[in-house]
Amino acid sequence: MTNTADTKANALSMHNISKAFPGVQALDSASLAVAPQEIHGLVGENGAGKSTIIKVLAGIYQADRGSVWVDGAPLDQITPETVHERGVRFIHQELSLVPHFSVAESVFMAQEKRGMLGLDTRKMRRLSEAFLAETLGAEIDGRTLIRDLTVAQRKLVQIARALIDGQARLVVFDEPTAVLGATDINTLFGNIRRLRDTGISIVYVSHYLSEITEICDRVTVFRNGEDVGTIDLGGATAPPGPAPSDTDSAWSAANGAPRQGEIIKLMVGREITDMYPDRKPEAGETVLEVSGLSDGSRFSDVNFSVRTGEILGLTGIIGSGREALVDTIYGIRRTRRGSLTIDGAPVKLRSPAQAVRSGLVLVPRDRRNDGLVLDMSVGDNVNMATLDKVSSKLGWLMRAQARRQSDEFAEQLDVRPRRSATIVRFLSGGNQQKVVLARWLATESKVFVLDQPTTGVDVGARSEIYALIAQLATGGAGVIVSSNDLTEILGICDRVLVMVRGRIVAERPTSGLALDELVALTTSSAAATADQGAAIYGPEHRGGLEVGA
Amino acid sequence: MSRRAPALALLSRYGFLAVFLGFFIFFATRSDAFLNTSNLVNILEGNAILLVAALGMTLVVASGGIDLSIGIAIDFGGWLAIVAMMDHDVAWPLAIVVGIAVGASVGVFNSFLVVWLGVSPFLATLGTFFIGGSIQQIYTSGGGQVPFREMPEGYQKLATGDTLGIPNEIIVGAIALMLFYVFLERSIHGKRIHAIGLQRSAASVAGINVRGYLWVAFIVASATASVGGIIATAGLRQFTPLAGFSYLLDAIAAVFIGASMHPQQRPNVPGTLVGVLFLGMVSNGLNLMGLDFNFRDALEGLILVGAIALAVSQRRVLGRSGASA
């Protein structure tokens, strides 16, 4: 805990910040202290509270309790304006730039330079070009449109926009490398170090532990809404001599860097309980085979197969291409290359309707938007995919039969309340998820893909859903669980695929796999891909990314 | 749950029916002629075309869209049926088929714009509206009427005849009403269309063929509207270019008045019927009382806005207490 003297000396002090959302204590007396002229890392698993505390600092969320000090002076009212006034700047993960604006316009958006006749475009262009060249070391014509820039260049424009007024004292980078390739990351790191050396303090939020240990002076670890420790990384930072080459900097957690182990221990800090069902996996025939699948932007050359009775885990942090892969398999996104067979028969998936007909179903990650029609009843949602089973040939809905079918599956999954007329919007997250599962159970499909199946589901319903997943596999289906909750992956899956930056970089049986080893695999950043070749960081990789996506 | 919510829900659901009843009683006490059977039959008969058009609109709105070109389908249906009989000696039953087919083709064009090209339904059907209006003016020398005095009797009877003592217009309206009720409210296709209209991405992920149903919705809506146009030409023994437009806004109003009565504010067939009857009753009543007919539009506007505001406020109160963040 920091004392008052430290608070006065620190560039940023966030004291005992608490923030609750309905049903979730997102922050529980969390603190964060950043020294002047320091690059301070912030890590933690999903849901640990990293982004919540950043949003509190940005004035987007109002904290329930706690205080914030910037440069030794307290901030009474935290709004986006007051924070900006005190020199705190944010480089958001998503590229919040307008594609049709020029570089100069983007840099000066909402802080335009005025001349005698309205905007002084020439001055803005000159200033933005000079800033990009001198401070960030990038030669970019101020007239270039944002959409014609590479992703890395856009990141630099974002930084220029935050810093151009010269008032910045503290800059928060939120997952800045999620969309960058290895070379661009090194350039970015160079720029961050340069900023620090001009007296600016940095908060660096990232999932990639190898990046944290490379660039940060200290790192604070969050877990369950609290700060559980701050580690001094002094020795690991700013390697002497020439800038490290791609491969030198690409050391992974698995083969060194004891500090990463320390961080992981703090991040995880919990045991897998008996939340997960006991199961003896009995894998049968191959039911789903994916080969050479690419979508042309988010992932490439993905190969794997699932067998009946098997639960396959798929994991990877934000930007790994995991979500895009799931969507592509289900026909929501277009396939560029590669093929997919179900039960030995090749399938062309152009729409979810085709996937469902082929026996492949998806429990989507965004339950409230994609999983359920919220304003329809439990019964209607359960029957949604199997309406033709409860109708006459001409499509007359036989209500009694429909009711019987939905009741049967709702009962099997113990959906509560037990009233098929209840509007789904008013169910708890766990019960909503059961409704989605009940719908697919009724289809008797062969492959079940579950994307983040327990997001927003309370602990009790969680174990029920795990039991159901196990039941699906026992019943002879092939199951894929895609999740960024690694304990969940280890607890429920038989085998796990790890995606990093659009590729599957590891495949492991989960028995005997330690959690910290899995964390290391998913957070290995450029390391794991360095030896996979730099091809995926080529123009194709950049071109496919959309601004703001 | 807020204590205000149930009261508001009741008011929203049945408030409009109360207003409906209030007007009914008002007209009945103010005008001796209003409650006459023949007058009530007149109201039904006079609004059969609006009902048919509004049913088609209900389908499109239920699927999450809107059809501003419904007047074009009405015009084209009646126009081409007349042209077929007049210039090509087509038998009248076949001419009806021609009219409906031409009407349906307006829907095909809309679907092409919406489903294939991804234009929003509002803009796509607005485009069709302008194009269709222009075509009518070009081929009728700027909107001149197309009279057809020698219209076959069978065709005329669509609008002017009776069957078992019931005016044929009412029968056509009733058949359309029943078909739409079964399709939209009692069949699995209706369920799917409602799901698409409520939450398109969820419907798609559930394996519903969203594009296919959007095609169906636009085509059926236009084909149905063209039936209205055929009846209109049969009644007047002539085609009046651009006359279909007068039904568009009433049809939209009827659909949304009907939707405001649904617990989830969904467009629905019974609600649309109530909406159509209300609009018909008000204009009839004002007429009988010798009041300015133009009051009707103001009343229609007030009722529509009032009903929707009530429905929205109910949703807000319910949403605050029932739904999560």
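Relative contact order for the stretch B:52-246: 46 percent, from Cα pairs under 8 Å spaced at least 6 residues apart, divided by residue count. The angle between the Cα long axis of helix A:258-268 and the longest principal axis of the Cα atoms of chain A comes to about 50 degrees, rounded to the nearest 10. Interface burial in the stretch A:363-385 reaches 30 Å² or more for A:R368, A:N369, A:D370, A:V373, A:D375, A:M376, A:D380, A:M384, comparing the full protein assembly with the chain by itself; accessible area from heavy atoms with a 1.4 Å probe.
Just the protein heavy atoms count here, and of the accessible area of the stretch A:375-444 at 1.4 Å, carbon and sulfur take up 50 percent. Estimated purely from DSSP H runs of n ≥ 4, each contributing -39500 (n - 2.57), the mean residue ellipticity at 222 nm for chain B is -24500 deg cm²/dmol once divided by its residues.
Give me the angle, in degrees from 0 to 90, between the Cα long axis of helix A:151-163 and the longest principal axis of the Cα atoms of chain A, rounded to the nearest 10. So the helix axis and the longest Cα principal axis differ by about 50 degrees. Based on alpha-carbon atoms, the Kirkwood radius and the radius of gyration of the stretch A:55-154 give Rg/Rh equal to 1.06. Take each residue of peptide B:196-204, count the partner chain Cβ atoms within 10 Å of its Cβ, and average: the result is 6.
Within the full protein context, the accessible area of A:R125 is estimated at about 70 Å² for a probe radius of 1.4 Å. A straight line joining the Cα centroids of the stretch A:96-161 and the stretch B:102-134 runs 42 Å. Each residue of the stretch A:402-407 is assigned a 3J(HN,Hα), and the resulting list reads 4, 4, 5, 4, 5, 4 Hz, derived from the Karplus form 6.51 cos²θ - 1.76 cosθ + 1.60 (θ = phi - 60°), x at Gly and Pro. With helices as the sole contributors, chain A gives -9000 deg cm²/dmol at 222 nm; each DSSP H run of n ≥ 4 counts as -39500 (n - 2.57), and the sum is divided by every residue. For the residues B:L35, B:L279, B:L55, a GNM of chain B with alpha-carbon springs under 10 Å puts the largest fluctuation on B:L35. Using C-alpha pairs under 8 Å with a sequence gap of at least 6, the mean separation divided by the residue count of chain A gives a relative contact order of 16 percent. Largest GNM mean-square fluctuation among B:S31, B:S226, B:S105, using chain B with Cα springs under 10 Å: B:S31. Could you tell me the center-to-center distance, by alpha carbons, between the stretch B:242-274 and the stretch A:181-209 in angstrom? If you average the Cα positions of each part, the centres end up 59 Å apart. For the stretch A:375-444, the solvent-accessible area of protein heavy atoms averages 45 Å² per residue (probe radius 1.4 Å; ligands and nucleic acids excluded). At a threshold of 40 Å², the residues of the stretch A:420-454 that become less accessible to a 1.4 Å probe in the full protein assembly than in their chain on its own are A:F426.
Chain B packed on chain A takes about 2400 Å² of accessible surface away from a 1.4 Å probe, both sides summed.
Residue order by solvent-accessible surface for A:H100, A:H92 is A:H100, A:H92, largest first, with ligands and nucleic acids left out and a 1.4 Å probe. The listed residues B:L59, B:L113, B:L126, once ranked by accessible area (1.4 Å probe) with the largest placed first, stand as B:L126, B:L113, B:L59. Largest mean-square fluctuation among B:A159, B:A95, B:A202, in a Gaussian network model of chain B whose springs join Cα atoms under 10 Å apart, belongs to B:A202. Relative contact order for the stretch B:61-172: 27 percent, from Cα pairs under 8 Å spaced at least 6 residues apart, divided by residue count.
With all protein chains kept in place, the per residue accessible area of the stretch B:52-246 amounts to 40 square angstrom at a probe of 1.4 angstrom. For the stretch A:375-444, just say rounded, prolate or oblate: build the C-alpha gyration tensor, square-root its eigenvalues into a ≥ b ≥ c, call rounded for a/c under 1.5, and beyond that prolate if a/b exceeds b/c, oblate if not. Verdict is prolate for the stretch A:375-444.
With θ taken as phi - 60° and the Karplus curve 6.51 cos²θ - 1.76 cosθ + 1.60 applied, the whole-hertz 3J(HN,Hα) list for the stretch A:410-416 is 5, 6, 4, 9, 6, 6, 10 Hz, x standing for glycine and proline.
Annotation: amide H-H contacts under 5 Å for A:R89 (H modelled 1.01 Å from N, sequence separation of 5 or more, or interchain): A:R169, A:L170, A:V171, A:V172.
If you sort the three axes of the alpha carbon gyration tensor as a ≥ b ≥ c, you get a/c of 1.5 or more for the stretch B:52-246 and a/b no higher than b/c, which makes it oblate. Take B:L117: with every protein chain present and a 1.4 Å probe, its accessible area is about 100 Å². About the centre of its Cα atoms, the protein assembly as shown shows a dipole size close to 1060 debye [charges on the beta carbon of Lys, Arg (+1) and Asp, Glu (-1) only; nearest 20 debye]. What whole number of Å gives the distance from the Cα centroid of the stretch B:31-54 to the Cα centroid of the stretch A:44-83? Spelled out, the Cα-based centre of one part sits 65 Å from the other. With the alpha-carbon atoms of the protein assembly as shown aligned to their principal axes, the span from lowest to highest coordinate is 101, 77, 57 Å, starting with the largest. Sorting A:D388, A:D407 by solvent-accessible area of protein heavy atoms yields A:D388, A:D407, largest first, with a 1.4 Å probe.
What shape does the stretch B:109-155 take by its C-alpha gyration tensor, where a ≥ b ≥ c are the square roots of the eigenvalues and a/c under 1.5 counts as rounded, a/b above b/c as prolate, and the rest as oblate? Here the stretch B:109-155 falls in the oblate category. Packing, taken as the mean count of other beta carbons within 10 Å per residue, orders the peptides B:238-247, A:436-445, B:61-70, A:111-120 from highest to lowest as B:61-70, A:436-445, B:238-247, A:111-120.
Dipole magnitude for chain B: computed about the Cα centre from +1 point charges on Lys and Arg Cβ and -1 point charges on Asp and Glu Cβ, it is near 1600 debye. Each Lys and Arg Cβ is given +1 and each Asp and Glu Cβ -1; about its Cα centre, the stretch B:52-246 then shows a dipole of about 640 debye.
The values are calculated or read from the model by the stated rules, or taken from the named source; none is laboratory data. Because the structure is predicted, anything quoted here is derived from the model rather than measured. Cβ sites come from the backbone with ideal geometry, for glycine too, and all protein chains shown count toward neighbours. To get the accessible areas, we keep the full protein, side chains included, count just its heavy atoms, and leave off ligands, DNA and RNA. Shrake-Rupley method; radii C 1.70, N 1.55, O 1.52, S 1.80 Å.
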